[in-house]
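Values quoted throughout were computed directly from the atomic coordinates according to the rules given, and no laboratory measurement underlies them. What you are looking at is a predicted structure, and each value in this text was computed from that prediction instead of being measured. All Cβ positions, glycine included, derive from the backbone under ideal geometry; neighbour counts span all protein chains shown.
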Amino acid sequence: MRWCAPLVVLLLASGCPRWTGVAQARQKAFRQGLMDQRMPDGFRSALAPTAVGLDCRVAADSSERCRAGVQNVWFTVHDGPEGGQFEVPENATEQQIVAFWKTLDISNFRQFEPQFEARVLDAMDREEAAFVPRWGLTAGLTSGVSPFAAAPELGARVGVRRWFSINAGAFAALDYNARLTANEHRFGLRFGAELTRFTDDRFWGRVGAPPASISAFVGPRIGLAPNARVTAGMRTGVGFLLTDWKMAPVLVEFCADTWFTGDSSKVDLFLAVGFGL
């Protein structure tokens, strides 16, 4: 669905578009665009006027295959049935592909640019259409504090995540909080929805955790006080998860717990920071 890509870019990109899949789609569009180019007079005549250096070898079928380098990345070039053509390494970045393309023929690159946005959206559409819904794990360990009470909290949660599309999912989890100085224990369920982007080419992605997500959640709570008094309540909150980080997967949550006692209610606000999936 074409509306998903702009929405994900708007809410998640913020200078980090690789978390949304946009960077991968851009790289794939440039890579395929360059590989689609043909040089009717052969690659040697096309590359002769450029500053690209060639490292050539004769293949087993007597055809000549050359490597052309730019920014420490090598692009293979050879003559095919329709003329000279390129093979672009999968790990070449968007910047490296663009630099090589502009060195070859900047006018040809500018002719490609008007097609670029449509190609990116098409690539994201195809990736989303091919996505198969799947299950994943969600978990977290946090430490929180309330701005209205000097009672730090430790929390933990574990549950399951369901990916309905490549850009969105939902989760259900059991959670527990201990308010240390007040010796209170709180148990609950949470049900939430996430705006995210699925990738499984990372360590945490193999257990169904997103590289980053924005979530909203709600669920019932039960509180146990030292005097064995039981109170019922409700938790609502928003969270930000970042697993695509070099040090550790980071979780930040802002929650509001509403507790009902007789005809009155009390709201506890707190900010929690920790590790999560």
Long-range amide H contacts for Ile166: which residues qualify at under 5 Å (H placed 1.01 Å from N, peptide plane, sequence gap of 5 or more or a different chain)? none
What ³J(HN,Hα) values, in whole Hz, does the Karplus curve 6.51 cos²θ - 1.76 cosθ + 1.60 give for the stretch 89-99 when θ = phi - 60°, with x put for Gly and Pro? x, 5, 8, 5, 7, 4, 5, 5, 5, 4, 4
What chymotrypsin sites (Phe, Trp or Tyr not before Pro) does the stretch 162-261 have in DSSP loop regions with at most 14 other beta carbons within 10 Å? Phe164, Phe203, Trp245
Please list, ordered by chain and number, the residues whose modelled amide H lies under 5 Å from the amide H of Gly80; skip anything fewer than 5 residues away on the same chain. Gln85
Running Debye on the stretch 134-276 with equal point scatterers at the Cα sites and no solvent, what base-10 log of I(q)/I(0) appears at q = 0.10, 0.16 Å⁻¹? -0.34, -0.81
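Wrap a convex hull around the Cα atoms of the stretch 99-201, take a quarter of its surface area, and give that in square nanometres. Write down the numbers at each step before the final one.
Working: hull surface 44.1 nm².
Spelled out: convex hull of the Cα atoms, projected over all directions, averaged, 11.0 nm².
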Taking amide H positions as placed 1.01 Å from N in the peptide plane, with prolines and chain starts having none, which residues 5 or more places from Thr138, or on another chain, fall under 5 Å of its amide H? Gly159, Val160, Arg161
If neighbour count is taken as other Cβ atoms inside 10 Å, put Cys56, Cys255 in order from fewest to most. Cys56, Cys255
Neighbour counts of other C-beta atoms within 10 Å: give me Arg31, Arg162, Arg229, Arg197 arranged from fewest to most. Arg229, Arg162, Arg31, Arg197
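What ranking of Leu271, Leu195, Leu241 emerges when the number of other C-beta atoms within 10 Å of each C-beta is taken as an exposure proxy, fewest first?
Starting with the residue having the fewest Cβ neighbours, the order is Leu271, Leu195, Leu241.
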